[in-house]
Amino acid sequence: MTDVGAAAQQPRQPGQATFDTGREHNGVSRLLRRNRPLRGLFAARCVSSTGDSLSLVALMLHVADTTGQGLAIALLLLAGDFAPSLLGTFAGAISDRFDRRRVMIFCEVGQAVTMLVIALWLPALPILLALVAARAVTGQVFMPASRAAVPALVTDRDLPVANSAIGFGTNAAEVAGPLAAAALLPLVSTRGVLLVDAATFLLSALFLLRLKPLPGQSVTGDEPGGLFGQVRLGIGYLLANRALLMIFIGFGATVTFNGIDDVALILFATETPGTGDGAVGLLLAAVGIGLVVGYALLARAGRSGSMPLLLVGGFFVSSAGNFLTGLAWAVGAAFAVQAVRGLGIAAMDVAANTLLQRLVPAGLLGRVFGSFYGAIGVAAATSYLAGGLLLDATSPRTTFLLAGGAGMLTALLVALGLSTTGKAT
């Protein structure tokens, strides 16, 4: 029997029943108040996300001021986002192999040290990019560990509430970060803002001390000992489980088709008569507002609802938001449908995380999450490249229509695939 086949036959951990949908209501405030470990993880993620978004603004402005080159800013974003996603599977293997609590604390301390070096040195661009990439890789290890830790902190039926709460907190923090940067930069300069970011990582590590030890778990008795063997086992499980594969393909396709929206929105606003620079900021903020509202609504909804239905609905609504933007007659209308698109993104994020946490054995969760979101990062980069070519060849409205239409078709195909999968499980 193959490693993947053996893993597939392992009994599900508590809270991993296929597509379980409870109806009992339990509010997010009550859950956080009563669950000290979850409250610690929630606080750690929020504080860390605030620092991330705060320092990103400071670094982008620093690079712009010191180099004056758009390419330099693009390289900064590439080093901090896309490049680390290529290591997602290996990052997930680390969180499966070692105690996840220790992994997360080590990552936060490592990021704090890296940001401290950047803040005190502010080196030339090549060294700065290397340090930013090192910090981002450490953060890439943190993310699958934090997602895989949630099922160990709450019951299965509380997973949607916990994921919604964390999504709400981290996205609200990402909105607050740039605002905090705007307020702090005139007072403490770039170096001061980066020192604040380093402090947020240390504070996050302190919050993580509230968690109990989360040791790695072996999935099979003869699980490969080497890192590459463990990585193959995680990827193989993701591809061998039809339900997981449908979720993975649907999520990746939706991001590939719709990830170009930020660039397209800028061109849409600039080409719309009677609009100024303020319209660009307004449109870019719409999705963020929708995300925060969406996570809040999902957290309030609690345990009710079907996760597969929420996933497919998220795919469809997020794609329909782009499609309707292509038909929008004014910036105000585009703002409204982009905000609705944010609701869809929140839904697909919560549903995907919850389903993976329920379908994957605890000992494989880190690798599956790392592979899943690492591939999503590649899908986003693909969307930027292909979408940029489409924008140059056509127009923002045409791009929105094609991207949104393809995404809605993806949602329908995933719905069909999950419906047949549900009957088989």
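Some points to look at:
- Percentage relative contact order, the chain, counting C-alpha pairs under 8 Å, at least six apart: 29 percent
- Only alpha carbons enter this Debye calculation for the range 222-425, each as an equal point scatterer, and the log10 of I(q)/I(0) it gives at q = 0.09, 0.11, 0.13, 0.18 Å⁻¹ is -0.37, -0.54, -0.73, -1.20.
- For the range 25-216, size of Cβ-based charge dipole, Lys and Arg +1, Asp and Glu -1, in debye: 860 debye
- Of all the options R135, R97, R210, the one that moves most in a Gaussian network model of the chain with Cα springs shorter than 10 angstrom is R210.
- Other residues lying with their Cβ under 12 Å from the Cβ of S146 contribute a combined charge of +3, Lys and Arg counting +1, Asp and Glu -1.
- Relative contact order for the range 222-425: 36 percent, from Cα pairs under 8 Å spaced at least 6 residues apart, divided by residue count.
- Scaled to the globular estimate 2.2 N^0.38 Å, the Cα spread of the chain, given as radius of gyration, is 0.96.
- Once the Cα gyration tensor of the range 246-305 is diagonalised, semi-axes √(5λ) in Å: 29, 19, 6
- Using the rule -39500 (n - 2.57) for each DSSP H run of four or more residues, divided by the residues of the chain, the 222 nm mean residue ellipticity is -27500 deg cm²/dmol.
- Inter-part distance where the range 228-257 and the range 54-72 are each reduced to a Cα centre, Å: 35 Å
- Shape category assigned to the range 25-216 from the gyration tensor of Cα positions, a/c cut at 1.5: prolate
- Here the Karplus relation 6.51 cos²θ - 1.76 cosθ + 1.60, evaluated at θ = phi - 60°, turns the backbone of the range 401-410 into coupling constants of 5, 5, 5, x, x, 5, x, 5, 5, 4 Hz, with x for every Gly and Pro.
- Footprinting exposure proxy ranking of S164, S146, S419, fewest other C-beta atoms within 10 angstrom first, gives S419, S146, S164.
- Counting other Cβ atoms within 10 Å as a rough exposure proxy, the listed residues D81, D349, D197 run D81, D349, D197 from fewest neighbours to most.
- Projecting label points 7 angstrom from Cα along Cα→Cβ for L227 and A240 puts them 2.4 nm apart.
- Its Cα centre serving as origin, the chain has a Cβ charge dipole (Lys and Arg +1, Asp and Glu -1) of approximately 1400 debye.
- Segment I73..Y384, full-extension length gain: 110.4 nm, with 0.36 nm per residue of separation and the alpha-carbon distance subtracted.
- Positive end of the dipole of the chain (Cβ unit charges, origin at the Cα centre): among F251, A44, V292, the Cα lying farthest that way belongs to A44.
- Gap separating the Cα centres of the range 295-325 and the range 175-207, nearest whole Å: 32 Å
- Taken over the range 70-159, the ratio of Cα radius of gyration to 2.2 N^0.38 Å equals 1.25.
- Likely footprinting exposure, D99, D262, D158, fewest C-beta neighbours within 10 Å first: D262, D99, D158
Each value in this text was obtained by applying a stated rule to the coordinates, not by laboratory testing. What you see is a predicted model; the values in this text were computed from it and never measured. When we count neighbours, we look across all protein chains shown, and the Cβ atoms used for this are built from the backbone with ideal geometry, even at glycine.
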